[in-house]
Amino acid sequence: MPAPAQEAATSLWQAMDHFPQGIAVFDAALRLVVSNSRYNDYLALPPDLTRPGTALFDMALFLGDRGDLGPGDAARLAIERINLLTQAPTTITQRQGSAGQMLEFHSSRLPDGGLVISFTDVTARVRAEKALERVNQSLEERVEERTAALTRVNTELESARAKADAANIDKTRFLAAASHDLLQPLNAARLYTSTLIERAKSTSLADLANSIEASLTAVEDIMTALLDISRIDSGALKPAPAPVAARDLLRKIEVEFGPLAREKQIALRIVPTNATVLADRTLVGRIVQNLVSNAIKYTPPGGKVLVGLRRRGSRMRLDVIDTGIGFNRDQHRLVFVEFSRLERGARMAQGLGLGLSIVQRLVSALGLTLELDSHEGRGSRFSLFLPATRSTLPTAPASAAPSETSFGTLGLKVLCVDNEKAIIEAMEGLLRHWGCDVRSALSLKQIDREHLLEGWYPDMVLMDYHLDQTSGLDAIEWLRHNLGGHLPAALVTADRSPAVRTLAEERGIAVVTKPVKPAALRAAISGLANQSRSPSGRGG
């Protein structure tokens, strides 16, 4: 191994000792490569079993002899434990530790056949869950006592979940792995929480629901950031510049960040423009999204954020200007370093300091220029320079910003298709709360088998991209063919690749990325409703 790589590996192993959970890495032969002190201490392993090269079986046999794995033959228990940890690409199990604490084990197989095992002390969470179960069993007989107990138990559960989330963030950073499968359950949670927030308004659960939503948003931001960094560093991002109407980029920013700015009492102004730029729509959109998010995050209530374009020679300068906390010139380079946050910014907002690091990586990957001008206490200006183009694009009529009122007055019929039952249930709950008539299915076969569309013509379809037997794009084409005419559709997907977005746009299909944000979903539904009601919305 080259010296720099060896030094990096050594630093990484040393960093493992600072993780809040125990972690051990085994090679393809299931022999120990490295483990941190928390792993060794929690399992109370003797020194001769913590040396590199120790067989996982020897560790399991020691635990079996000591009684950690339950009653029975130690060798048989050791083999059963190893089979449980290795039988699937990822496993999650729980068992008691030698000191009586409850440990939650996560195991993941590596591409080379190796194994990563990590565990966290979840005693507080398990205790809270059991307490909650006891309270629920006597719910009808002890209503007044239940209210007080639930408040106490929910507080404990929220604290335990916060600790578990922090541990998972550390593990995600160490493994540097996030995928479509990780985003799926988060998507369902976001949908369920959105429904909970609306139903819990003016109740004692409102603050708890909003806290859960904030935690889920933080998790989503971190996972998205790690995905972006991984894709950039691996070279998986392939820029595809094309003429783009700048107003489309800015309109998306207004839709996505308008509600957040109003909630924080920040004046977000988007300057109208008819300029056309040469850019990769998805990647440049991600840069602007990060810059605007950063500006709103670090601008106090009553402040302003301005987004607009100016022509500078043969280029267009896209400015994101705020009246936030700013920083001095000596700190300019530091703000782009990942996991680095200035002291005042860290006090003002949570985060890992990944947003501007991703911006810099994307700017470099696209061969663009980014300028920064900031003054401490007065605000900042981030300027992205984009090539201007004379290519003319069709002029779309200006559309009003999507309404944030309930969808109940629209009377929409919505067909939802997703191969995850939890996501279907969560989506149904949210859409029905908005007053929509919803029918859902896990596949096209279910639609056909249960005759879901007989006598019922949907105004639109929300389609998952990764179905079990076909892609969501092909499924939409099948529905359009069988229903006749044009069916407004949105592809709901965790796949953020430009290729998928391009294919969808070519077929006139909107894209909503998972985890789904209610504001983005409402905006998409509003746009699809306009398609459905236009004279050309349903062809013959």
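The values are calculated or read from the model by the stated rules, or taken from the named source; none is laboratory data. Fair warning: this is a prediction, and the values are worked out from it, not measured in the lab. Neighbour counts run over all protein chains shown; Cβ positions are idealised from the backbone, glycine included.
A few notes on this one:
- Set 3, 9, 78: member being modelled with pLDDT under 90, touching a helix residue (DSSP H, G or I) at 6+ places or on another chain (Cβ under 7 Å) and of a type outside the set (Val, Ile, Thr): 78
- Any hit, the stretch 499-506, residues being more than 19 Å from residue 444 (Cα to Cα), surrounded by fewer than 16 Cβ atoms within 10 Å (Cβ to Cβ) and touching a residue at least 40 places away in the same chain (Cβ under 8 Å): yes
- Boolean, residue 291 is of a type outside the set (Phe, Trp, Tyr) and part of a strand (DSSP E or B): no
- Residues in the stretch 485-540 that are modelled with pLDDT of 85 or more and in a loop (DSSP other than H, G, I, E, B) were compared, and the one that is nearest to residue 256 (Cα to Cα) is 509.
- For residue 278, the stated conditions hold: it is assigned to a strand (DSSP E or B) and surrounded by 13 or more Cβ atoms within 10 Å (Cβ to Cβ).
- Candidates 160, 189: the one that is modelled with pLDDT of 65 or more, under 14 Å from the mean Cα position of the chain (by Cα), surrounded by 17 or more Cβ atoms within 10 Å (Cβ to Cβ) and part of a helix (DSSP H, G or I) is 189.
- Among the residues of the stretch 412-428, the one identified as surrounded by fewer than 18 Cβ atoms within 10 Å (Cβ to Cβ) and more than 13 Å from residue 185 (Cα to Cα) is 413.
- Residue ID - modelled with the lowest pLDDT, chosen from residues in the stretch 137-146 that are part of a helix (DSSP H, G or I) and surrounded by 12 or more Cβ atoms within 10 Å (Cβ to Cβ): 146
- Exclusive hit being assigned to a loop (DSSP other than H, G, I, E, B), of a type in the set (Gly, Ala, Ser) and touching a Phe, Trp or Tyr at 6+ places or on another chain (Cβ under 9 Å), set 99, 88, 78: 99
- In this structure, residue 481 does satisfy being surrounded by fewer than 18 Cβ atoms within 10 Å (Cβ to Cβ) and part of a helix (DSSP H, G or I).
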